[in-house]
Amino acid sequence: MSDLWSELFSFANYGELLMLVRNSIIAGAVLGLAGGLVGVFVMARDLPFAVHAISELSFAGAAAGLLFGIGVVEGSLVGSLTAALLIGLLGSRARERNSIIAVLMPFGLGLGILCLSLYSGRVANKFGLLTGQIVAVDNPRLLSLLIICGIVIAGLLVVWRPLMFVSIDAQVAEARGVRSVALSMVFMILLGLVTAVSVQIVGALLVLSILVTPAAAALRVSASPLLVPVLSTLFAVVAMVGGIMLALGGSVPISPYVTTISFLIYLACRAWGALQNRPPKSARVAATA
Amino acid sequence: MTAATSDRPQTRGTAPAPPILSVRDASLRFGSRTLWSHLNLKVRPGEFVAVLGPNGAGKTSLLRAILGAQPLTGGSIELLGGPVRRGHRLVGYVPQQRLADRGTPLRARDFVGLGLDGHRFGLPLPSRTRRQAIDQMLATINATSFATRRIGDLSGGEQQRLRVGQALIGNPRLLLCDEPLISLDLHQQRAVSTLIDASRRTGDRAVIMITHDINPVLDMVDTVLYLAAGQALTGTVDQVLTSAALSELYQTPVDVIRARGRILVVGLPDTALEGHEAAPENPPEGLR
């Protein structure tokens, strides 16, 4: 039991370790920022399932990048942008979208596994694409991550209001002159970008824990258009940075820490929201009328 | 609106005011199917137009055409002296009722606020004028009590009032409503239709409302546009909703019965009845 514990949490030489993973912590924080913001729209547009499909294709792209020596970052970007644009173009209706996602997802995973099995390099790299890694963030990679997250955050802030309008009620937004199709595609590109960088840090299987869980948790406790994105980013950053710092001590991958923190925050928010949002009896009667 | 007022300056709702909307000999065809043709309609400030007709008669397509989202096959539509175009700031739109998802990250007041500046890029920065405009609209639509509740938690009637508020807050000259009363109970129907009726009395505004049942708005409607069988019939309630006029339109005997201040249309042909859901308290005979 104590063996397992020290495997999970061991903080010997923690200060030195922390310096080693400085890049990872910066990457995690910035990724949390971008992921938390994107998550608000993933929820508003009902896209969690799409995020999963995009991350699988991003994984396939990264694995292909590894195999053909193009580079993991480039590969995962190509994979996730392709998936995001396909889903955006072909799946404007929820029903179509779900079937397209279901078609893409196993294909992406299979393709990725094929590329990984053909790859003869280090095994740790292979596993990392699925479950995440923290040591691999060198300076050029950190820079690319910062640039991509910067594009995502800036892009989101620009389209925030009309994108929210379109996400809530596309018909009315279009009647008001909002270009709903163009905005949807812009969002899919931003989603593809942030997914690609997330895959490299938390791994393809667990991208949902930073792109969906924090926003879902925030929505449990508030519906304020200001508080929801603020809480969502806060939760995502806490999960990412906290997960990395805990993972340092153990010898298991980073993802279980991130996903567990994320999940615990969600549980806490659910409980808190259930207490807070109990409408008064009269309101409940009116709501069912 | 037949009073001779030509020598008076343009008074709200009187005949000489320039029309907000002029539809001239408009027609819409999808393939070989003609939804409507020779559609002529002038809508003046303060006027309340009800669009009636069976499902598939092209009522929503007409609204889409006015919104600039549906090109006509023939004829023209002029809106406030110019051609129709998408995103016209002076047109408000209340689409068919679709309940908001419970996870929608907006409160009632934010939803109304989208009608004010939701089309603009950037973040919704708080400002005093914005807040006041929203507060005022919430008071108008009697929604102050649930202003900060999340929209997905509200009842259908409350959400529908918010939709009307969202459409009105941009201060449109023309309010287009697509079945705004559907799936509401009688009390809520009254609340929403009264709100829409009151809105046309301010700001030189006109209302075009699609409805499958004229009765909830019978005492408000100035003009009826009846779309059926590829044709369009325009006039007052008394001109259009008569046995003679509808029998002629449908080419089959149709009875229009007036009883206790309500209008019942009986004997619509099967093709017209298809999907012609009357309100629960007013089923057409064929569906009984």
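Applying 1/(1 + (r/R0)^6) with R0 = 30 Å to the Cβ-Cβ distance of B:Arg24 and A:Arg93, what FRET efficiency is obtained, to the nearest 0.05? Efficiency, rounded to the nearest 0.05: 0.30.
In chain B, the longest principal axis of the Cα atoms and the axis of helix B:108-117 are about 80 degrees apart.
Sorted from greatest to least, the principal axis extents spanned by the alpha carbons of region A:2-288 come out as 59, 41, 30 Å.
Between B:Asp178 and B:Val94, B:Gln96, B:Ile210, the built amide H atoms are under 5 Å apart, and every one of these is 5 or more places off in sequence or on another chain.
Taking label points 7 Å from Cα along the Cα-to-Cβ direction, A:Ala29 and B:Arg89 give a separation of 4.2 nm.
Compared with the dominant principal axis of the Cα atoms in chain A, helix A:22-44 is inclined by about 30°. Phi angles of region B:212-226 translate, via the Karplus equation with coefficients 6.51, -1.76, 1.60 and θ = phi - 60°, into HN-Hα couplings of 7, 10, 6, 4, x, 10, 4, 7, 10, 6, 8, 10, 10, 10, 9 Hz per residue; Gly and Pro are given as x.
Annotation for B:Asp101 and A:Thr260: the two label points, set 7 Å from Cα along the Cα-Cβ direction, are 3.1 nm apart.
Note down the magnitude of the dipole of region A:2-288 about its Cα centre, charges +1 on Lys and Arg C-beta and -1 on Asp and Glu C-beta and zero elsewhere, to the nearest 20 debye.
860 debye
The modelled label-to-label distance between B:Leu264 and B:Leu80, using points 7 Å beyond Cα along the C-beta direction, is 4.4 nm. At an R0 of 56 angstrom, the distance between the Cβ atoms of B:Gln251 and A:Asp46 translates into a FRET efficiency of 0.75. Listed by Cβ neighbour count within 10 Å, with the fewest neighbours leading, A:Met19, A:Met105 appear as A:Met19, A:Met105. At a Förster radius of 30 Å, what calculated FRET efficiency corresponds to the Cβ-Cβ distance of A:Leu143 and A:Ser117, to the nearest 0.05? My answer for the efficiency is 0.45.
Taking amide H as placed 1.01 Å from N in the peptide plane, B:Lys42 has its amide H under 5 Å from the amide H of B:Val23, each at least 5 places away in sequence or on another chain. Close amide H pairs (under 5 Å, H built 1.01 Å from N) link B:Glu47 with B:Val207, residues at least 5 positions away or on another chain. Against chain A, whose longest principal axis is taken from its Cα atoms, helix A:139-168 shows a tilt of about 10°.
Relative contact order of region A:92-241: 25 percent, from C-alpha pairs under 8 Å at least 6 residues apart in sequence. As a proxy for reagent exposure, ranking A:Met245, B:Met220 by other Cβ atoms within 10 Å from fewest up yields B:Met220, A:Met245.
The numbers here are math on the coordinates, done by the rules we state, and not lab data. Keep in mind the model is a prediction, meaning the values are calculated, not measured. For neighbour counting, all protein chains shown are included, and Cβ atoms are generated from backbone atoms with ideal geometry for every residue, glycine included.
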